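Participant: Structure incoming, see below.
The values are calculated or read from the model by the stated rules, or taken from the named source; none is laboratory data. Predicted model only: the values in this text are computed from it and were never measured. Here Cβ is always computed from backbone atoms with ideal geometry, including for glycine, and neighbour counts include all displayed protein chains. Note: areas computed on protein heavy atoms with side chains; ligands, DNA, RNA excluded. Shrake-Rupley method; radii C 1.70, N 1.55, O 1.52, S 1.80 Å.
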Amino acid sequence: MAEPVPGRAATAIGPTGTILRLEDLPPPDTKRWVARRKAEVLAAVRDGVLSREEACRRYNLSEEEFTAWQRSIERHGLGGLRVTKLREFRSAG
């Protein structure tokens, strides 16, 4: 198990209410981003398990993509992170 980093939260509460640690997050080579995995990464950043910059670097995400995930979950909840729902929400304005 990794040593905790000073000033960093050791755990986050995931989208299903489970406790997430850094090692519980999706692997860095994740290719298939289902809504739950996106929400887990967002929760980890929100709760300080890793920084936004670390998340973008770890998962090879652009700042724009990460921001889009944040907006989608804020506006539409977990369902807003689904790729098919994103298309519907974007076309609805």
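Participant: On the protein heavy atoms, probe 1.4 angstrom, tell me the percent of accessible surface of the range 36-86 carried by carbon and sulfur.
Facilitator: Reported share for carbon and sulfur atoms: 44 percent.
Participant: For the range 9-26, just list the computed ³J(HN,Hα) in residue order, Karplus coefficients 6.51, -1.76 and 1.60, θ = phi - 60°, integers in Hz, with x standing in for Gly and Pro.
Facilitator: 5, 7, 9, 9, 9, x, x, 9, x, 7, 7, 10, 10, 3, 6, 8, 6, x
Participant: List residues of the range 53-70, by number, whose backbone nitrogen lies under 16 Å from a label position 7 Å along Cα→C-beta of residue 46.
Facilitator: Hits in the range 53-70 for residue 46 at 16 Å: 66-70.
Participant: Provide the per residue accessible area, probe 1.4 Å, for the range 31-80, rounded to a whole number of square angstrom.
Facilitator: Computed with neighbouring chains in place, this is 56 Å² per residue.
Participant: Exactly which trypsin sites (Lys or Arg not before Pro) in the range 12-58 are in a DSSP loop and have at most 13 other Cβ atoms within 10 Å?
Facilitator: 31, 32
Participant: Return the long-range amide H neighbours of residue 13 (sequence gap of 5 or more, or a different chain), with a cut-off of under 5 Å between placed amide H atoms.
Facilitator: 20
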